[in-house]
1. Could you list Glu600, Glu228 so that the one with the fewest beta carbons within 10 Å of its beta carbon is first and the one with the most is last?
2. If I take the Cα coordinates of the stretch 153-289 and project them onto the principal axes, what are the three extents in Å, biggest first?
3. How high is the relative contact order of the chain, given as a whole-number percent (alpha carbon pairs under 8 Å, six or more residues apart)?
4. List residues of the stretch 171-190, by number, whose backbone nitrogen lies under 19 Å from a label position 7 Å along Cα→C-beta of Asn233.
5. Mind jotting down a quarter of the surface of the convex hull over the alpha carbons of the stretch 95-178, in square nanometres, one decimal?
6. List the lysines whose alpha-carbon lies under 27 Å from that of Lys43, not counting same-chain residues fewer than 8 positions away?
7. Specify which residue in the list Leu363, Gly211, Gln55 is farthest towards the positive end of the charge dipole of the chain, using unit charges on the beta carbon of Lys, Arg (+1) and Asp, Glu (-1), about the Cα centre.
8. Could you compute the net charge surrounding Ser332? Neighbours are other residues with a C-beta less than 9 Å from the C-beta of Ser332; K and R count +1, D and E count -1.
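No value in this document is a laboratory result; all are computed from the given coordinates. This structure is a prediction, so every number in the text was calculated from the model and none was measured. With ideal geometry, Cβ positions are generated from the backbone for all residues, glycine too; neighbour counts draw on all protein chains shown.
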Amino acid sequence: VPKGEQKVSFDVPPKYLPEQYQSMADRILNRFGNESLSSVPIKQIAIPDLSLVLQLGRRDPFSLFIPAHRKMAGRLTELFMGMRTVEDLMSLAAYCRDRVNAQMFIYSLSVAILHRDDTKHLSVPQLSEIFPDKFMDSQVFSRAKEEANVVPAGSRLPIEIPLDYTATDADPEHRVAYWREDVGINLHHWHWHLVYPFDGPRVAVNKDRRGELFYYMHHQIMARYNTERLCNNLPRVRRLTNLRDPIPEAYFPKMDQTVAGRAFPARPVNMLLSDINRAADQTRFDIADLERYRDRILEAIHTRQARNGQGGVIPLDEVTGIDIIGNMMEASILSPDQTYYGDLHNLGHIAISYAHDPDHRFLENFAVMGDSTTAMRDPIFYRWHSFVDAVFTEFKNSLPAYNANQLAFPGVTVSDIRIVSQGANPNTLNCHWTKSDVELTRGLDFTPRGSILARLQHLNHDDFSYSFVVNNSNNQEVMGTVRVFIAPKYDETGRNLSFDDQRMLMIEMDKFTTRLRRGQNTINRNSNESAITIPFEATFRNVDQNRPSETDLSSFDQFNFCGCGWPQHMLVPKGTRQGYPMDLFVMVSNYQDDRVNQPEPTGCRDGVSFCGLRDLKYPDARAMGYPFDRIARQGVTSLANFITPNMRVQQITVRFSDTVKPRANSNAQSVVRF
Ligand code: CUO
């Protein structure tokens, strides 16, 4: 139990202990003796039918991508959602805790907590606090065990995890391993899929524009990853178009699935995908099925209509088409016809993650691609998602270009945009390394107890701010939406990117509403206010901060950082030592056309561009990615001739310094709690 936290025990009815422990209930339930614990009574309830849920072993690996696992998790989520009171929910959770598959338990309980009216104000447990093994080199855990045994708590040194532990630069893909393996990025991806489940209770799945957000959030991941590659002298990702070609990208994760007691399987170079037939996972499909699903989705895109499963069709129009295709592609239970369009994206994850043991003859588990917590570590994730993104782009490119009217904001002119970083030249962003500590205590189960830290090196940037000058020549005050993007200027060969290529690399940095008085307005905005990020402290918490007891729900709420959102420390691409040239693009659009009429959000608003708002509509009426989600209007070949007076472009430089710098404005070492 970390410093400052109250120890808690749960008073579980003896009947709740798993059968093999019932005969020693007394000893188990009183094992804390006279330690001072605050005790939470758990009431005994009639336990609902868990037979479906218990089909998966407690320690077996669990993956939402596997349809059978998804069904079980959906059932468990429904049960948690259906409990009448929080007390009943706690009771069922206590009963399930030592019986149900550990990862499914955490997943379903988290989804229920996020979606029940009476628990919405609670934080879901940070996954990295529970399963640190899914986020770092497995070596750290044996070293932690040794440290804990030899050195008393309080004097233990953090265990350093080197930046290059999964490979060497002999593998060119390794140059961007720091990005793929970043703790914050992987936590974001897990949280996103937790907030936007594709199966389970309809109330949890059926969120405003969820299919479109699946497209947009993953599209932004691709734009960011491709930019990161260009900064590291790597070409943009090649789409995984032919599922029958060998896969040259290998990945050796060096991680354990501790709960399962097995290592995550690796994928050597030039593996082939195979038909999958694994009875134990109730998973059977052929590569030809994936190809058929792909062709059917493309057919829907080309005919601009989709089957609805009842013999009719629904149009794929400018407004809702992308949302429907997102649900069809992922696929979620909102797919218009899951039998016909299948489960392309999810089964692609599965086929790749079982490439090493497609028929289960070696009794091997899925590789990192089989779990949304770990999938982004593997280079193949981006080849697969580049293909997925290309299908969405196929649809987007079939829509008419935005005409000047759909882009303009009459009377509003952006006359100057710049980036200001303290102590740096104007229009310069500065990146470097930072080391942050990770508290392993909660995720490890061994004695002697007490804090033990791992120290991770990660990319970071100096705080900066934007300063924009906007003129409003209307004879009244108007409201505008400020949209901020950055993108590379040059391709991998050093040539200027065409407009069409550059728009695919546009990285959203921020989006906010602003009031424009008549005349000249200067707008200042800080980098840590970004609409895509969650604060640094939501990933890396400060070790000196006393966290309140987790049973004190009211004070716990103040730590209710929304887990979903891009980590602030990864907001800026790495850049280069010489300085990497990028375009800063700013647009002020007319808020009258952007506005969504709804109440002000009461919960957190962090990471809203990627994660939406809880219980509310996505707060921007425009298509996600606007104004770069469509082909350019006739005659536009570059960003310079794309812009209208309410937009502006400024070249900026992203400079990387290969040094480790502590986080600015922070006295204490940052710690992410596991
Ligand atoms: Cu987020 Cu493929 O969707 O992992």
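1. Numbers: Glu600 8, Glu228 21.
Taking fewest neighbouring Cβ atoms as first place, the list is Glu600, Glu228.
2. Largest to smallest, the principal-axis extents are 49, 43, 37 Å.
3. Numbers: 1303 pairs, mean separation 116.1, N = 674.
With pairs under 8 Å counted, the relative contact order is 17 percent.
4. Only 171-179 pass the distance filter.
5. Working: hull surface 36.8 nm².
Over every viewing direction, the Cα hull of the stretch 95-178 projects on average to 9.2 nm².
6. Lys7, Lys15, Lys120
7. Gly211
8. Working: positive: Arg210; negative: Asp199, Glu330.
After counting each charged neighbour, the total is -1.
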